[in-house]
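For reference, the structure discussed in these notes is given below.
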Amino acid sequence: MKSDFFKYQAQTTTHPLAMEISHANGSYIYDTNNKAYLDFVAGVSATPLGHNHPKVINAIKEQADKYLHVMVYGEYIQKPAVELTKLLAKHLPYPLEKTYLTNSGTEAIEGALKLAKRATGRSGIISAYNAYHGNTMGSMSVMGYEERKQAFRPLLPDVTFINFNNEDDLSHITTKTACVILETIQGSAGFVESINGYLEKVRLRCNEFGALLILDEIQPGIGRTGKLFGFEHYNCIPDILVTGKGLGGGMPIGAFTASTKLMDLLSENPKLGHITTFGGHPLIAASALATLQEITESDLMPLALEKEQLIRKLLVHPLILEIRGKGLMLALITPSADIANTVILKSQDLGLILFWLLFEPKAVRITPPLTISNDEIIKGCGIIIAVLNSIKH
């Protein structure tokens with residue numbers, strides 16, 4: 001199968017991990033030799049309830065027996081999508097009440113950018129250096145990392161970049177600004193949190209100049225930081241909220257949410273302002289609904305903060321310079337990219353899955369399922385410490 005993988009399936013890098021997968025359950029992934037790997041990545045934050053969670057699987061099976069795709073998004077009333085968007089509204093602050101379901105996070109970013117331009121009649125977009133919002137052309141335009149996008153220019157015009165957490169840069173927000181788009185916690189940059197009320201100050205500046213604030217919660221959202229959405233930690237309610245990844249419970253999804261007044265703009269002048277065939281797919285919406293119900297009705301969110309403290313207690317080592325992030329969205333910062341690579345690759349050999357961050361080569365990602373047990377955390381952290389101890393420094 002490995003030779004066919006490289007021959008027939010397009011690759012994203014020249015050296016993928018290329019583990020041959022047999023099955024997965026709970027906090028473990030198994031290869032075709034039946035070797036178990038403890039998962040500290042959760043599909044890059046996309047499987048918050050772990051693998052093969054019975055409530056998610058049952059929801060998918062029950063929906064599959066009823067119907068799959070029946071019509072393009074928004075035309076027919078389909079219970080899974082209606083119930084999912086209703087539950088999101090229940091758990092979001094006013095005026096975030098109407099949600100557009102998409103196929104992926106990057107498509108949701110596209111929809112959010114379009115909505116901001118439609119609502120304001122402006123073209124200016126402000127994003128942050130080292131930001132990552134997806135890889136389609138519009139999302140790439142607001143990616144603050146030139147090395148990853150220079151080969152694909154020209155991209156969207158009128159995009160200005162500012163430094164995250166730099167209050168002086170907020171002067172770039174003017175009456176020409178349609179929107180400011182920020183990650184609530186910068187993911188690819190190294191899990192960088194807002195400090196000194198930064199997001200709240202961005203919110204006030206946007207209010208002053210009539211710009212919309214888009215917060216990208218594709219990684220921090222759906223309970224990973226100990227609250228349903230990361231912005232709840234920072235006293236900052238966006239005009240447009242974007243989510244994805246964990247919302248699907250292991251199925252592909254994206255969503256952007258705004259007020260009814262804003263969202264209704266996409267249905268007229270012009271009508272069909274954003275369209276998608278498979279957005280809100282009933283199978284995926286059923287999976288997402290089951291996931292969101294479990295996270296909001298259980299104690300997984302407060303436990304995420306307790307598990308964070310356990311991880312911080314266990315991962316103390318001279319080669320760990322700091323641990324960034326919140327809840328179960330954590331990054332170990334090591335002295336060099338070589339050390340980070342060694343930790344990730346040797347840990348996999350020892351049965352622990354870790355991963356990289358896109359723009360911070362010295363970081364090691366720790367984003368396990370929210371359902372991971374304390375014993376599993378202790379086991380995984382023990383492997384990390386053992387690998388670090390094997391590195392000469």
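The values are calculated or read from the model by the stated rules, or taken from the named source; none is laboratory data. It should be emphasised that the depicted structure is a prediction, and the values quoted were computed from it without experimental measurement. Cβ atoms come from the backbone with ideal geometry, glycine included; neighbour counts cover every protein chain shown.
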Open item on the list: One residue is enough: does the range 239-251 have a residue meeting the conditions surrounded by fewer than 19 Cβ atoms within 10 Å (Cβ to Cβ), part of a loop (DSSP other than H, G, I, E, B), acidic (Asp, Glu) and modelled with pLDDT of 95 or more?
Closed with: no
TODO: Consider Lys66 carefully, then state whether it is part of a helix (DSSP H, G or I) and surrounded by fewer than 23 Cβ atoms within 10 Å (Cβ to Cβ).
DONE: no
Open item on the list: Given the condition small (Gly, Ala, Ser), outside any helix (DSSP H, G or I) and either surrounded by fewer than 20 Cβ atoms within 10 Å (Cβ to Cβ) or out of contact with any Gly (no Cβ under 8 Å at 6 or more places or on another chain) (or both), answer yes or no: does some residue in the range 369-383 qualify?
Closed with: yes
TODO: Might you let me know whether the range 346-355 holds any residue that is within 18 Å of Phe191 (Cα to Cα), buried (at least 21 other Cβ atoms within 10 Å of the Cβ) and not charged (D, E, K, R)?
DONE: yes
TODO: Output the number of residues of the range 2-31 satisfying the condition of being within 19 Å of Ile353 (Cβ to Cβ), loosely packed, with under 12 Cβ neighbours inside 10 Å and of a type in the set (A, V, I, L, M).
DONE: 3
Open item on the list: I'd like the residue in the range 75-95 that is among the aliphatic types (A, V, I, L, M) and part of a loop (DSSP other than H, G, I, E, B) and, out of all such residues, is farthest from Asp239 (Cα to Cα).
Closed with: Ile77
Task: Subset tally (residues that are at pLDDT 95 or above, among the β-branched types (Val, Ile, Thr) and within 26 Å of Met329 (Cα to Cα)) for the range 1-50 - done: 5
Task: Members of the range 206-245 that are farther than 16 Å from Ile109 by Cβ and touching a Cys at 6+ places or on another chain (Cβ under 7 Å) - done: Ala211
TODO: Please specify each residue of the range 147-206 satisfying the condition of being within 17 Å of Leu358 (Cα to Cα) and among the acidic types (Asp, Glu).
DONE: Glu147, Glu183, Glu193
Task: Every pair of residues 6+ apart whose Cβ atoms lie under 7 Å, when the first sits in the range 145-170 and is in the same structural domain as Val192 (by TED's automatic domain parsing) while the second is surrounded by 10 or more Cβ atoms within 10 Å (Cβ to Cβ) and basic (Lys, Arg) - done: Leu155/Lys149; Glu167/Lys201; Leu170/Lys201; Leu170/Arg205
Task: Candidate set: the range 39-63, residues that are surrounded by fewer than 22 Cβ atoms within 10 Å (Cβ to Cβ) and touching a helix residue (DSSP H, G or I) at 6+ places or on another chain (Cβ under 6 Å); chosen: the one nearest to Ile222 (Cα to Cα) - done: Lys55
TODO: Looking for whichever is in a strand (DSSP E or B) and outside the structural domain of Lys379 (by TED's automatic domain parsing) here; the options are Thr277, Thr257. Which one fits?
DONE: Thr257
- [ ] Looking for whichever is in the same structural domain as Thr291 (by TED's automatic domain parsing), of a type in the set (A, V, I, L, M, F, W, C) and under 30 Å from Gln293 (Cβ atoms) here; the options are Ile218, Ile173, Ile195. Which one fits?
- [x] Ile218
Task: Subset of the range 305-321 (residues that are touching a residue at least 40 places away in the same chain (Cβ under 8 Å) and in contact with a helix residue (DSSP H, G or I) (Cβ under 9 Å, 6 or more places away or on another chain)) - done: Lys307, Leu310, Ile311, Leu314, Leu315, His317, Pro318, Leu319, Ile320
TODO: Quickly run through the range 322-358 and pick out the residues that are in a loop (DSSP other than H, G, I, E, B), in contact (Cβ under 8 Å) with a residue 40 or more places away in the chain and more than 16 Å from Glu193 (Cβ to Cβ).
DONE: Pro335, Gly351, Leu354, Leu358
